[in-house]
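Colleague: One structure coming up, written as structure tokens, with questions to follow.
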Amino acid sequence: MLLEGGAKKVGFATLDTMKSDIPGTDLTYLLPEAQSAVGFFIPFDKDMIMKYLGKEDPTIRGIHEQENFEIHRKIWKASQRVKHWLIEQGYKAISVIPNNHYRTDVPGWQTSLPPELSLRYLAVRSGIASFGYSGNVGTKEYGTAIILGGIITDAKLKPTDRIPESEGFCDKCMICTKVCAFGMFSEDEETTVTIGGETFIYSKRGPIMRCAVTCGGANGLHRSGKFSTWSPGRYEYPENQIELMRVCQIAMTSQRKRKPYKDSSMGYQPASFNGKYNTQLTCGNCNYICAGDVKETALRYKTLVNSGCVIQREDGSLEVYPPDKAKEVFESMPIEHQKFYTSDYKNKIRKTQLEKV
Ligand code: B12
Ligand code: SF4
Ligand code: SF4
């Protein structure tokens with residue numbers, strides 16, 4: 001049923017194989033009677049990834065966002081079909097909401113975003129994918145550009161084996177570490193987790209806010225200044241936690257004052273904002289860059305770093321220019337508009353006043 005619904009690989013885990021001291025692996029949180037879980041994934045379209053990374057034209061962001069939502073919908077539909085079938089057979093079953101749903105019983109969940117069940121841990125333990133250095137999981141065929149799904153049940157399913165470490169797709173080329181504008185994961189430190197007696201290694205996570213402020217669309221400019229995500233935000237790279245919190249506060253407040261991107265997709269409402277503000281997807285670079293094949297990954301990287309920088313006009317439309325031209329066009333816009341995208345504007349106002357004097 002899952003394969004019919006678009007899944008490329010399906011695996012099984014049990015209470016034993018998911019046993020660990022990490023709360024995100026606890027199958028009984030969503031279903032107290034749980035015995036097993038089913039993990040699966042659906043990949044992104046490879047041509048669309050190239051268009052998105054290459055910012056082929058300003059309409060691509062919206063088209064890609066729709067594809068992303070559509071894959072999540074497919075995952076939900078396929079999970080629900082299996083869930084209902086299991087229930088008809090007399091078992092208990094529940095589908096895992098694939099994203100944007102957290103354990104609201106954990107104090108401060110709005111910033112730590114604890115999953116009800118970590119679909120990555122389920123994926124690696126059930127052997128449908130393995131960890132990439134970025135923390136995204138993937139396979140040799142699809143790289144990390146896959147979206148995960150899961151179903152929990154009290155049926156006793158036979159577990160499938162993990163992918164042995166030596167057979168994983170990640171060759172530590174480290175390209176994924178070069179594409180995150182705000183450096184969400186470490187280039188040299190690793191995290192080790194043990195699940196059901198098996199050990200998995202990936203990069204040490206930085207503060208979640210490094211991703212939230214960029215993937216959430218408030219910032220887009222890469223620390224190199226040479227390319228951006230699809231976000232027109234142009235904030236300085238925060239070197240430490242205090243700087244990060246300062247940038248987050250300014251960038252996220254300003255983001256709410258920007259016009260929505262004028263394209264075919266209006267985004268979604270993140271749970272952590274109480275559904276008050278819409279977010280339009282602008283990054284996912286670490287997820288899309290890795291093709292699972294070193295040559296293809298290098299080509300995607302070349303495409304991204306040469307894709308230019310995005311700016312937003314007063315009417316909400318996005319435009320893409322080479323980095324220097326983007327800076328020039330941005331700086332030619334009224335300061336009242338620039339202030340929604342940079343924290344530099346106070347210096348600019350001061351400079352303009354001085355020039356007038
Ligand atoms: C929370 C979340 C985020 C947060 C935090 C990411 C993170 N690393 O945890 C933010 C907003 C930053 C984020 C970003 C992204 N995400 Co996200 N996200 C999730 C979510 C809901 C849970 C992630 C998770 O499992 N974290 C746990 C582990 C893997 O992360 P960890 O920090 O190393 O875990 C430590 C602690 O968090 C703690 N812990 C783990 N679980 C729990 C639970 C509790 C209760 C507590 C207290 C602690 C705890 O113990 C761990 C070891 O120290 C899942 C959906 C789901 N239900 O699984 C999607 C998911 C992981 N996201 C996904 C994607 C694609 C992204 C992005 C690419 C953004 C995008 N455009 O979609 C980026 C990638 C960032 C990166 N390099 O990791 C995909 C990943 C697909 C893949 N191929 O791997 C998922 C699986 C959604 C899906 N259905 O496919 N995400
Ligand atoms: S880009 Fe892919 S293969 Fe290279 S280090 Fe990152 S996850 Fe591993
Ligand atoms: S989704 Fe973007 S901002 Fe978030 S960790 Fe990946 S590259 Fe960084």
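The numbers here are math on the coordinates, done by the rules we state, and not lab data. Keep in mind that this is a model prediction, so the values were computed, not measured. Methodologically, a virtual Cβ is constructed for each residue, glycine included, from the backbone with ideal geometry; neighbour enumeration extends over all protein chains shown.
Colleague: Net charge near G90: determine it from the other residues with C-beta under 14 Å of the C-beta of G90, scoring Lys and Arg +1 and Asp and Glu -1.
Modeller: 0
Colleague: On to the next question. With a 10 Å cut-off between alpha carbons and a GNM built on the chain, which of T214, T139, T111 moves the most?
Modeller: T111
Colleague: So which aspartates and glutamates pass the test for K19, namely a Cα distance under 14 Å, with those fewer than 8 places away in the same chain ruled out?
Modeller: Reachable aspartates and glutamates: E198.
Colleague: Also, quick follow-up: FRET efficiency for M333 and L157, Cβ-Cβ distance as r, R0 = 56 Å, nearest 0.05?
Modeller: The calculated FRET efficiency here is 0.45.
Colleague: For segment 229-263, which trypsin sites (Lys or Arg not before Pro) are both in a DSSP coil and crowded by at most 12 other Cβ atoms within 10 Å?
Modeller: The qualifying sites are R256, K257.
Colleague: Taking the alpha-carbon distance from K92 and a cut-off under 20 Å, which aspartates and glutamates remain once sequence neighbours fewer than 8 residues away in the same chain are dropped?
Modeller: Result set, ordered by chain and number: D16, D26, E33, E116, D154.
Colleague: Taking a 24 Å limit on the Cα-Cα distance, which of the listed pairs K77/K262; K83/K158; K46/K259; K9/K276 fall beyond it?
Modeller: Table pairs above 24 Å Cα-Cα are K77/K262; K46/K259; K9/K276.
Colleague: Something else about it: DSSP loop trypsin sites (Lys or Arg not before Pro) in segment 82-162 with at most 16 other Cβ atoms within 10 Å of their Cβ, which ones?
Modeller: Here the sparse-neighbourhood loop sites are K92, K140, K156.
Colleague: OK, next. Would you mind classifying segment 27-121 by shape? Square roots of the alpha carbon gyration tensor eigenvalues, ordered a ≥ b ≥ c; an a/c under 1.5 is rounded, otherwise it is prolate if a/b is larger than b/c and oblate if not.
Modeller: In terms of gyration-tensor shape, oblate.
Colleague: To continue, here is another question. Just to check I understand the Karplus step: with θ = phi - 60° and J = 6.51 cos²θ - 1.76 cosθ + 1.60, what whole-Hz values come out for segment 258-270, glycine and proline as x?
Modeller: 6, 5, x, 4, 8, 9, 7, 9, 9, x, 9, 9, x
Colleague: Please list, in chain and number order, the residues 5+ apart from F12 or on another chain whose amide H is under 5 Å from its amide H, with Hs placed from the backbone.
Modeller: It is G39, T160, by chain and number.
Colleague: At 222 nm, what helix-only mean residue ellipticity would the chain give, in deg cm²/dmol to the nearest 500, using -39500 (n - 2.57) for each DSSP H run of four or more?
Modeller: One gets -9500 deg cm²/dmol as the mean residue ellipticity at 222 nm.
Colleague: What is the local net charge at F182, summed over the other residues whose Cβ is closer than 14 Å to its Cβ (Lys, Arg +1; Asp, Glu -1)?
Modeller: Neighbour charge sum, excluding F182 itself: +2.
Colleague: Next question, about the same structure. Would you list which lysines come within 18 Å of K226, measuring only between C-alpha atoms, while excluding same-chain residues fewer than 8 positions from it?
Modeller: K55, K178, K302, K325, K327
Colleague: Sorted from largest to smallest, which semi-axis lengths in Å does the alpha carbon gyration tensor of the chain give for its equivalent ellipsoid, taking the root of 5 times each eigenvalue?
Modeller: 38, 20, 19
Colleague: Can you tell me how much longer the chain between L299 and E198 gets when fully stretched, taken as 0.36 nm per residue apart minus their C-alpha distance, in nm with one decimal?
Modeller: Answer, rounded to one decimal: 33.0 nm.
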